[in-house]
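What follows is a set of notes on a single structure, which appears directly below.
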Amino acid sequence: MYTSGMGPTMEPGVSCVSCHGSQFTIAGTVFPTAHEPDRCDGANVKGATVVVTDATGAKITLTPNNVGNIYSSQSIALPITAEITYNGKTLAMTTPQPTADCNSCHTETGASCAPGRIVLP
């Protein structure tokens, strides 16, 4: 459970880009289940990858850290799609999204038609 501080393990589940837009072009948190509350550590697993595909077809591969946070400052053209792979299984988001602030939609209850958190397949 997050208690305080700054850095790569900061506030799992909370909208990242809204505050750190000058640092990140894309950010979010991978969780073990779809309805985890804000500031709870996310999925701490080895071998999970999130591949984000932007409007030009460029791909960015992200690896969740020990609290499940993913982030990048690489240039990205909106809209985006994404897929997460773990243990040979893949879960894909196929509807293009107009934001790369993943936690702004992937909330505990889901927003903007998201079913809840980003979860492992």
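Since every read-out is calculated from the coordinates, none of them should be taken as a lab result. Remember, it's a predicted structure, so these values are computed and weren't measured experimentally. In this analysis, Cβ positions are derived from the backbone assuming ideal geometry, glycine residues included, and neighbour counts consider all displayed protein chains.
See the values below:
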{"read-out": "In nm, spacing of pseudo-spin labels at THR63 and HIS20 (7 Å Cα→C-beta vector)", "value": "1.7"}
{"read-out": "Summed side-chain charge close to TYR2 - residues other than TYR2 whose Cβ falls under 13 Å, Lys, Arg +1, Asp, Glu -1", "value": "-3"}
{"read-out": "Neighbour-limited loop hits for trypsin sites (Lys or Arg not before Pro), the stretch 43-96 (at most 16 other Cβ within 10 Å; DSSP other than H, G, I, E, B)", "value": "LYS46"}
{"read-out": "Dipole magnitude of the chain, debye to nearest 20 (Cβ charges: Lys/Arg +1, Asp/Glu -1, about Cα centre)", "value": "260"}
{"read-out": "Neighbour net charge for LEU78 - beta-carbon separation under 12 angstrom, K R +1, D E -1", "value": "-2"}
{"read-out": "Per-residue HN-Hα couplings for the stretch 85-102 [Karplus 6.51, -1.76, 1.60; θ = phi - 60°; Hz; x = Gly/Pro]", "value": "10, 7, 6, x, 10, 10, 10, 10, 9, 9, 7, x, 10, x, 9, 10, 8, 3"}
{"read-out": "Under Karplus coefficients 6.51, -1.76 and 1.60, residue-wise ³J(HN,Hα) of the stretch 66-81 in Hz, glycine/proline x", "value": "5, 10, x, 6, 10, 6, 7, 10, 5, 4, 9, 9, 7, x, 10, 10"}
{"read-out": "Pairwise centroid distance, computed over Cα atoms, of the stretch 71-121 with the stretch 1-47, Å", "value": "13"}
{"read-out": "Value in Å of the Kirkwood radius, where the stretch 17-119 supplies the Cα pairs that are averaged", "value": "13.5"}
